[in-house]
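To keep things clear, I will list the structure first and then write my remarks on it.
Nothing in this text is a laboratory measurement; each read-out follows from the coordinates by a stated rule. Note that the structure is a prediction, hence the values are computed from the model and not measured. Don't worry about glycine lacking a Cβ; one is built from the backbone with ideal geometry, like all the others, and counts go over all protein chains shown.
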Amino acid sequence: MVRAARAAGVRDERVLEALRSVPRDAFVPRAEAGSAYRDAPVPLPHGQVTTQPSLVALMVEALGLTGGERVLEIGTGYGFQTAVLARLAGEVVSVERLPDVAGRARRRLSRAGIGNVSVSTGDGTLGVPERAPYDAVVVSAAFPEVPGPLVGQLRTGGRLVQPIGPGGREQVRQYERTPRGLVLRRTVVSARFVRLYGVHGYPPGTEP
């Protein structure tokens, strides 16, 4: 996975070490364990998929974490990206809209001994305002714009990374919150993501 991340352009050694240190086979179903270390997505329930490890590394690197940040993650999945973030930040607040997926992620993170993470079930487009402000926000699903509540919960100077697009053909973009609002800093990579559902995303129940 580290080789694939380097090939994709990841240069931050802290991110590469975090990727190396998280056992991905602990964050996939037993039936997928044999392919856990391939640089490929893993199926999730309800027609969803995880993000492939090299793309996780690119998105996490774009957050520019240095070690003490509070990070908001939208889309927990099986918890692999959450575990990587936990090794790079002070605290991770993660939101997963599917209760069964959130429960599995909690159990996997607990078994891995990762204590600086909280996983809640809910509408990720609303963020978690009671834990704001956040130093960084990462969104693991696609929508044509950044949900307003996530911008409001990001501190000035903080970074937000999200795939922008309709779901299926996206540009992962890095933004910074400035005193004037959210400013696009760069496009990280082109990729394919599942859609972001919620009050400030696609309406739930309109899954393709």
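Computed from Cα atoms alone, the Kirkwood hydrodynamic radius reported for segment 80-121 is 10.2 Å. Electrostatic bookkeeping for Met59 treats Lys and Arg as +1 and Asp and Glu as -1; over the other residues with beta carbon under 13 Å from its beta carbon, the sum is -1. Here the calculated FRET efficiency for Ser110 and Arg11, from their Cβ-Cβ distance with R0 = 30 Å, stands at 0.40, rounded to the nearest 0.05. On full extension, the segment bounded by Arg3 and Thr187 gains 64.0 nm, given 0.36 nm per residue less the C-alpha separation.
What does the net charge come to around Arg186 if you take all other residues with beta carbon closer than 11 Å to its beta carbon, with K and R at +1 and D and E at -1? Could you put the intermediate results ahead of the total?
On the way: positive: Arg159, Arg173, Arg185; negative: Glu176.
With Lys, Arg at +1 and Asp, Glu at -1, the neighbours total +2.
Report the local net charge at Met1: Lys and Arg +1, Asp and Glu -1, summed over other residues whose C-beta lies under 9 Å from its C-beta.
On the way: positive: Arg3, Arg20, Arg24, Arg38; negative: Asp39.
Around Met1, the charge tally is +3.
In whole Å, how far is the Cα centre of segment 161-177 from that of segment 89-127? Measuring centre to centre over Cα atoms gives 22 Å. Per the Debye calculation on segment 63-179 with a single equal scatterer at every Cα and no solvent contribution, log₁₀ I(q)/I(0) for q = 0.12, 0.21 Å⁻¹ amounts to -0.38, -1.18.
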